[in-house]
Amino acid sequence: LLVWGDDVSAEPALDELFNYDHRSSKAIVSPFDLWKQMRRECPVSHSDAYGGFWFTTRYDDVKSVLADWQNFSSAQGATIPNMPFRFLPQHMDPPLHRSYRALLNPPLSPREVRRFEGWMRELARKYVRELDVDGFDVCQDYVYQYAQRVALRVIGFDAGDIERLYHWTEVLAISDRQDESSLRASAELGQFLSDILVQRAAEERRDDLISLLVDAEIDGAPLTAEQAQSVLALLTFGGLHTTSTALATALVWLADHPEDRARLERDPSLYDTAIDEFVRFSSPVAHIARTMTADVEFEGRELKEGDKVLIGILSADRDETEFADPDIAQLDRSPNRHVGFGVGPHRCVGAHLARQTIQIGIEEFLQAMAKFSITDHHAIRFTGGEGRDLVNAPMKGTRR
Ligand code: HEM
C-alpha cells in the first residue's frame, strides 16, 4: 500500500519502462507505435542512456522547445552522444548565430537554387537511365547517386569525393562517436576539409559554397580556418544525410500507391503540397538535441540546468493531434505545419535546395518509368543516429 510521501506520479515507472534509446533497433526499424504511446502516456520521459537525457515527443512541445533557444541551447551540441567536433552555425545560439545565417541564406535562397535546375535534371536523368530496371535498389542506385551529387556540387566538392565524404559522415552519424573509428573519421574529415579550403584560397574562386567560405567575413572579421571548416562540415552532413531519405521515401510511397502517382501525373500542381508532405512523412532529421541553460518545469517534469534534451522531430510530425491520419502521406495535405526542417533560429538553411532536389528526383523518375514496384518489403532498411536514413529499397520497373 502507498503511504504518505510516496511518489504517486506515473512518470518514473514509465521512464523505466520506455528508457528511450534513439539508436536502438526499435527506434530505427519501427518506432511509430512506441512514439504514439509515449505521446499519449509520457510525453516527456527520462532515459538513462548516454549519461541521461529527456525525450520530448508531442508536436506542440517539440515546436516550443525548438523555438525557445534561450532555455534550450544549441551551444553544447545538437546530438546525443555529442559529435567529436563543433558544427557552425548549428552549435551556437543567437545573436552570433544570425551573422552566420546572413552569410549562408543568400546563396541558398529560392532564386539562387532555381539556377541549378538544368544540371540537376541532367543528373537525375543520367542515373535513371543507368538503372537496370529488372532489379535495382532505388536508394543506392538512384536516389543517393543523384541527390548526394547535387549537394556536393552546390557545396563545391568534386564528384570523386562522394564515397570518402559519405563514409566519414556515416561513421559519425551512426557510431557512438567516442570509439576509434569515429575519432579516425573525424580527424580524416577535418583534414580533408581543411586541405580543400587551403587549396581553394590559392585558386580561382568558383560559383559554390566553398569559395564563399574562403572569402567570408563574420561581423567584419574574416572567418578563421577552424570556423570555415566547421561550417563546411555541417553543410556536408546536411547535404548528404537528409534529402536522399525524403526522396527515397517518396518513391517507395509512390511504388506502393500507384493511384497517387497517377494523381501527380494528372495534376503537377500537386507537387506544391506533396514535397512538404514527403518531408513531414519521412522527417529525416528524426531527432535533434539541446542542453538546458536554466531549471525549467516542462510538461510537469523538472528539467535542470545542464540536462540534455532529445527532441522527437519525426514523432512530432506523426502527432495525431496536429495531423489527421498522420501515418498516411496525403499529397494535398494543407495546412501542413510540419517541423521536418526544424523551427526557430536553426530552421534548415538547405530547405529550398532540398525541396527542388526532391521534386526533380520524383519528376525525372516518373518521366522515365512506366511502372515500378518494391520487390521485397522486408529488405527496406533504415540506419539511424539522430537521423533515420532510408538506405535500401529493392525495386523493379518497366521503362516507358
Ligand atoms: C529533406 C532534407 C533536409 C531536412 C529534413 C533537413 C532538416 C534540418 C533540420 C531539422 C535542421 C534544424 C537543426 C537544429 O534545429 O538543430 C536543419 C538545419 C540545417 N540544415 Fe538541413 N535539412 C535538409 C536538407 C539540407 C541540405 C540539402 C543542406 C545543405 C545544403 C542542409 C543544411 C543545413 C544547415 C547548414 C543547417 C543548420 C542551420 C542553423 O543551424 O542555423 N540541410 N536541417
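Every number in this text was worked out from the coordinates using simple rules, so none of it is lab data. As the structure is a computational prediction, the values presented were derived from the model and not from experiment. Positions of Cβ are backbone-derived with ideal geometry, glycine not excepted, and every protein chain shown enters the neighbour counts.
Looking only at residues of the range 278-300 that are part of a loop (DSSP other than H, G, I, E, B) and either out of contact with any His (no Cβ under 9 Å at 6 or more places or on another chain) or over 22 Å from Asp327 (Cβ atoms) (or both), we find that the one that is farthest from the ligand (Cβ to nearest atom) is Gly300.
Within the range 301-317, the set of residues being within 19 Å of Trp35 (Cβ to Cβ) and in contact with a Ser or Thr (Cβ under 8 Å, 6 or more places away or on another chain) comprises Lys308, Val309, Leu310, Ile311, Gly312, Ile313, Leu314, Ser315, Ala316, Asp317. If you go through the range 182-224 and keep only what is of a type outside the set (Asp, Glu), part of a loop (DSSP other than H, G, I, E, B) and out of contact with any Leu (no Cβ under 6 Å at 6 or more places or on another chain), you end up with Arg205, Arg206, Gly220, Leu223, Thr224.
Looking only at the range 255-265, which residues are surrounded by 15 or more Cβ atoms within 10 Å (Cβ to Cβ) and in contact with a strand residue (DSSP E or B) (Cβ under 8 Å, 6 or more places away or on another chain)? Listed by number, the list holds a single entry, Ala255. With respect to being away from the ligand (no atom under 15 Å from the Cβ) and within 29 Å of Ser25 (Cβ to Cβ), Glu305 falls outside the description. Search the range 346-371 for residues that are within 27 Å of Ser73 (Cβ to Cβ) and pair each with any residue that is of a type in the set (Ser, Thr, Tyr) and within 7 Å of the ligand (Cβ to nearest atom) when their beta-carbon atoms are under 6 Å apart and the residues are at least 6 apart or on different chains. Short answer, once both residue conditions are applied: Ala354/Thr243. If you take the residues in the range 97-109 that are over 28 Å from Val171 (Cβ atoms) and not hydroxyl-bearing (Ser, Thr, Tyr), which one is farthest from the ligand (Cβ to nearest atom)? Out of the qualifying residues, it is Pro106. The set of residues from the range 207-228 being under 17 Å from Arg153 (Cα atoms) and within 16 Å of the ligand (Cβ to nearest atom) comprises Asp207, Asp208, Leu209, Ile210, Ser211, Leu212, Leu213. For the range 156-167, the count of residues that are within 12 Å of the ligand (Cβ to nearest atom) and surrounded by 16 or more Cβ atoms within 10 Å (Cβ to Cβ) is nonzero.
Can you pull out every residue in the range 48-74 that is closer than 15 Å to Glu386 by Cα and in a strand (DSSP E or B)? Correct list: Phe53, Trp54, Phe55, Thr56. Determine the pairs where a residue that is in a helix (DSSP H, G or I), located within the range 252-277, has a partner that is of a type in the set (Phe, Trp, Tyr) with Cβ atoms under 6 Å apart, the partner being 6 or more residues away or on another chain. Cβ pairs passing all conditions: Ala255/Phe372.
Here Ala78 fits the description: within 30 Å of Lys308 (Cα to Cα) and buried (at least 19 other Cβ atoms within 10 Å of the Cβ).
Of the set (1) buried (at least 16 other Cβ atoms within 10 Å of the Cβ); (2) within 16 Å of the ligand (Cβ to nearest atom); (3) without any contact (Cβ under 8 Å) to a residue 12 or more places away in the chain, all apply to Pro326 but (2).
Selection of the range 329-356 for residues being in a loop (DSSP other than H, G, I, E, B), within 9 Å of the ligand (Cβ to nearest atom) and charged (D, E, K, R) yields only Arg347. Helices (runs of 4 or more DSSP H) fully within the range 105-179 that include at least 2 residues being among the hydrophobic types (A, V, I, L, M, F, W, C) and touching a residue at least 24 places away in the same chain (Cβ under 8 Å): 117-129, 144-155, 162-174.
All told, Pro94 falls short of being over 22 Å from Ala151 (Cβ atoms), away from the ligand (no atom under 15 Å from the Cβ) and surrounded by 15 or more Cβ atoms within 10 Å (Cβ to Cβ).
Considering each of Arg86, Arg115 in turn, give the residue that is more than 30 Å from His377 (Cα to Cα), within 13 Å of the ligand (Cβ to nearest atom) and basic (Lys, Arg). Unique residue meeting the criteria: Arg86. Screening the candidates Leu247, Leu254 for the property of being in contact with a helix residue (DSSP H, G or I) (Cβ under 6 Å, 6 or more places away or on another chain) and more than 15 Å from the ligand (Cβ to nearest atom) yields one hit, Leu254.
To keep it simple, each residue is scored yes or no on (1) more than 10 Å from the ligand (Cβ to nearest atom); (2) in a loop (DSSP other than H, G, I, E, B); (3) buried (at least 20 other Cβ atoms within 10 Å of the Cβ); (4) more than 13 Å from the chain's Cα centre (by Cα).
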{"position": "Ile358", "(1), (2), (3), (4)": "no, no, yes, yes"}
{"position": "Phe365", "(1), (2), (3), (4)": "yes, no, yes, yes"}
{"position": "Thr383", "(1), (2), (3), (4)": "yes, no, no, no"}
{"position": "Glu386", "(1), (2), (3), (4)": "no, yes, yes, no"}
